[in-house]
1. Yes or no: GLY229 open to solvent by 10 Å² or more (accessible area, probe 1.4 Å), out of contact with any strand residue (DSSP E or B) (no Cβ under 6 Å at 6 or more places or on another chain) and in contact (Cβ under 8 Å) with a residue 24 or more places away in the chain?
2. Look through LEU30, LEU6 and report the one residue that is hydrophobic (A, V, I, L, M, F, W, C) and open to solvent by 10 Å² or more (accessible area, probe 1.4 Å).
3. Between PHE35, PHE100, PHE66, PHE12, which is more than 25 Å from GLY200 (Cβ to Cβ) and either buried (at least 18 other Cβ atoms within 10 Å of the Cβ) or within 19 Å of the chain's Cα centre (by Cα) (or both)?
4. Given the residues LEU64, LEU70, LEU88, which is the only one that is at negative phi and out of contact with any helix residue (DSSP H, G or I) (no Cβ under 8 Å at 6 or more places or on another chain)?
5. Which condition does ASP42 not pass, out of (1) closer than 19 Å to PHE133 by Cα; (2) out of contact with any Ser or Thr (no Cβ under 6 Å at 6 or more places or on another chain), if it passes all the others?
6. Among the residues of segment 197-216, write down those that are surrounded by 13 or more Cβ atoms within 10 Å (Cβ to Cβ) and in a helix (DSSP H, G or I).
7. From the list GLY53, GLY32, pick out the single residue that is at pLDDT 95 or above, farther than 20 Å from ALA132 by Cα, out of contact with any helix residue (DSSP H, G or I) (no Cβ under 7 Å at 6 or more places or on another chain) and among the small types (Gly, Ala, Ser).
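The values are calculated or read from the model by the stated rules, or taken from the named source; none is laboratory data. Please read all numbers here as calculations on a predicted model, not as lab measurements. Reconstructed Cβ throughout: ideal geometry from the backbone, glycine too, with neighbour counts over all protein chains shown. To get the accessible areas, we keep the full protein, side chains included, count just its heavy atoms, and leave off ligands, DNA and RNA. Shrake-Rupley method; radii C 1.70, N 1.55, O 1.52, S 1.80 Å.
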Amino acid sequence: MASKFLLCFHDFSVWNYQKVTPILENLMDLVGAPFNVLVIPDTEKASPEDVDGFRGAIGKLNALGFEFALHGYKHRAEFSQGRSYMGLIAMNLTHGEAEFAGLSQFESGRLFHQGLASWNNLFEGSFEKPVAFVPPTWYSNKFLPSQVHAERMLYEDRFTLVSACGRHYISPVASFAGIPDFLVKPAFKFGEFIFNIPVGLPRLAIHPSDFPRLEPAIRDLMRLALNCGRRPVLYSEL
């Protein structure tokens with residue numbers, strides 16, 4: 001695994017596909033391969049034209065070899081029923097985006113299957129079940145990993161990956177969304193560190209909010225990973 005890394009673009013949705021699709025194609029040109037795209041499947045308040053455009057963008061990226069993972073349901077919680085105290089703290093830290101944080105077994109399963117149903121509605125049977133599930137902001141609950149694995153999907157948290165067949169990977173992640181400006185440079189330094197150490201399966205998690213402000217530094221970090229002899233790997237290859 002020391003020769004590989006995961007490049008993951010988070011938060012691809014019906015609301016940003018027009019902006020994000022060219023970014024994905026440009027980053028693919030840089031790394032020389034398609035990579036993982038985390039899809040927010042909810043299209044409830046979108047126009048039919050935007051939903052069709054989103055489907056078309058995903059079809060185009062799929063033809064290029066990009067791989068899609070399920071990234072929650074709406075990426076923003078609309079209720080707190082059954083949420084633990086620690087889950088409420090996570091919700092506060094993430095401005096309400098920790099959709100699965102601290103949920104009860106019933107609520108976690110209900111929300112997870114709502115995400116799957118929304119995925120199926122979006123793709124209208126043209127795509128298989130998503131290969132992986134990544135909870136928004138990585139905050140979760142103790143029931144979600146087993147619920148994901150029951151559907152034969154890879155589960156990703158902040159520090160590890162567990163494949164559909166139960167294989168564990170140590171996977172430190174460099175991410176820049178939602179952190180204060182004074183922590184951005186240390187976050188990039190951490191990214192340089194994890195790509196240089198010869199162990200683990202490091203991740204680079206990038207978000208639409210990183211562009212265009214952090215694009216030059218992100219591109220430099222991607223070049224560093226490639227210069228370290230690493231290549232981007234898809235979830236399905238694990």
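1. When the stated conditions are applied, GLY229 passes them.
2. LEU30
3. PHE12
4. It is LEU88.
5. (2)
6. PRO208, SER209, ASP210, GLU215
7. Selected residue: GLY32, the only one of GLY53, GLY32 that is at pLDDT 95 or above, farther than 20 Å from ALA132 by Cα, out of contact with any helix residue (DSSP H, G or I) (no Cβ under 7 Å at 6 or more places or on another chain) and among the small types (Gly, Ala, Ser).
For (1) at negative phi; (2) in contact with a Phe, Trp or Tyr (Cβ under 7 Å, 6 or more places away or on another chain); (3) aliphatic (A, V, I, L, M), each residue gets a yes or a no:
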| site | (1), (2), (3) |
| --- | --- |
| GLU124 | no, no, no |
| PHE143 | yes, no, no |
| ALA150 | yes, no, yes |
| TYR155 | yes, yes, no |
| VAL162 | yes, yes, yes |
